[in-house]
């Protein structure tokens, strides 16, 4: 299983990075008076629309499923929670850095961090439903 999971995980990671890190150079979003309304840092928890939150959850479900298949020692709840947190925090810091350096219209959002961690943990839960026992156990 690991031989298939590792390349799949790498493709997944590249896809997530393409979706989350690439700068967005569309014209600046402005309000009715022409003032820019872009917010590079969102630290207000639960100030997010449901579709955005759910998409971030779904985006990290494969992380929670594939990482334990690639690295069996990461297959515990606390380790996948920590890995999901670290990966998501890395994305959010990169988004903030990109926005501040090149005005790439990326927002570092605490809600994305929460949603991504939830998605990673849900992914581990789904993996355990599909493969009962520890993810690295062999039948």
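The table that follows gives values for the structure above.
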quantity: The range 71-80, subset part of a helix (DSSP H, G or I) and in contact with a helix residue (DSSP H, G or I) (Cβ under 6 Å, 6 or more places away or on another chain), residue modelled with the highest pLDDT; calculated: 80
quantity: Answer residue from the range 3-37, given it is touching a helix residue (DSSP H, G or I) at 6+ places or on another chain (Cβ under 8 Å) and part of a loop (DSSP other than H, G, I, E, B) and is modelled with the highest pLDDT among those; calculated: 21
quantity: Failed criterion for residue 93 (all others in (1) closer than 18 Å to residue 120 by Cα; (2) in contact with a strand residue (DSSP E or B) (Cβ under 8 Å, 6 or more places away or on another chain); (3) surrounded by fewer than 20 Cβ atoms within 10 Å (Cβ to Cβ) hold); calculated: (1)
quantity: Among the residues listed as 68, 132, 51, 45, the single one being crowded, with 21+ Cβ neighbours inside 10 Å and either assigned to a helix (DSSP H, G or I) or over 15 Å from the mean Cα position of the chain (by Cα) (or both); calculated: 68
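The values are calculated or read from the model by the stated rules, or taken from the named source; none is laboratory data. Remember, it's a predicted structure, so these values are computed and weren't measured experimentally. Neighbour counts are summed over all protein chains in view; Cβ atoms, including those assigned to glycine, are modelled from backbone coordinates with ideal geometry.
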